[in-house]
Amino acid sequence: MTQEREQQKAQRHKQRQQKVKQGVDAKIAAADKEQGVLVVLTGNGKGKSTAGFGSVARAVGHDQKAAVVQFIKGTWACGERNLLEKAGVAFHVMGTGFTWETQDREKDTQAAMEAWEQAETLLQDDTINLVLLDELTYMVSYHYIELERVLTALKNRPKMQHVIITGRACHRDIIELADTVSEVQPIKHAFNDGVKAQLGFDY
Ligand code: ATP
Ligand code: MG
């Protein structure tokens, strides 16, 4: 490439970048609202709960108050609990009842309701900056918790409170209500190659 062509290329790159910067700056200037954000992390790929707990760590790192309700009783996500409880994060884990294996609908519903009541208390507490409702989507899909009740609690929460909901197949009405929605797509997963869930990495 001649020197002249290289200069032209550099010039075009600079112009493009200036345009990008102008666009971004204008958007930043226009985004002047302060409010709690409702986030949904859904889809079949890996990373939803990981991202939810990452956000909790971020809040705690700024000395903010965060709380977690886990709607599936299981062995995973224990690593985060061990760490974050030490940092003052309140955890409510669905005690007995629902796992992927249970078949006792009545018991599951009761366990889900108990966990949801904890969530409702958190959603009325304006001292809590961030609430993570991990795997909540299943409770709605299984009709263990009434959709309307979930929507009402989310709508009436403190104005500055952030809420993150994770889980596959999130109900469209929750997606509609949310401010930020990300769908994690499974392009590959090691599990499908026979790699079992690894301590400290998957849970
Ligand atoms: P993670 O907790 O790792 O962020 P996740 O919250 O996105 O995962 P879940 O649907 O809650 O995904 O799955 C819980 C467990 O199943 C985790 O151990 C995770 O690694 C594993 N998992 C997630 N996605 C897949 C997938 N597409 N295939 C197989 N296993 C998966
Ligand atoms: Mg998860």
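The values are calculated or read from the model by the stated rules, or taken from the named source; none is laboratory data. Note that the structure is a prediction, hence the values are computed from the model and not measured. Glycine gets a Cβ as well: all are built from the backbone with ideal geometry, and neighbour counts include every protein chain shown. Areas reflect the complete protein model, heavy atoms only, side chains present, ligands, DNA and RNA absent. Shrake-Rupley method; radii C 1.70, N 1.55, O 1.52, S 1.80 Å.
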**OP:** Inspect all residues belonging to segment 148-168 and state whether any of them is within 14 Å of ligand 2 (Cβ to nearest atom), assigned by TED's automatic domain parsing to the domain that holds ASP108 and farther than 27 Å from VAL89 by Cα.
**Re:** no
Original post:
All but one of (1) under 25 Å from ARG81 (Cα atoms); (2) of a type in the set (Gly, Ala, Ser); (3) open to solvent by less than 20 Å² (accessible area, probe 1.4 Å) hold for SER182; which doesn't?
Top reply: (3)
**OP:** From the list ALA77, ALA30, ALA66, ALA59, pick out the single residue that is modelled with pLDDT under 95 and buried (at least 16 other Cβ atoms within 10 Å of the Cβ).
**Re:** ALA77
**OP:** Starting from residues that are polar (S, T, N, Q) and surrounded by fewer than 15 Cβ atoms within 10 Å (Cβ to Cβ), keep the ones in segment 149-179 and report whichever is farthest from ALA57 (Cα to Cα).
**Re:** THR152
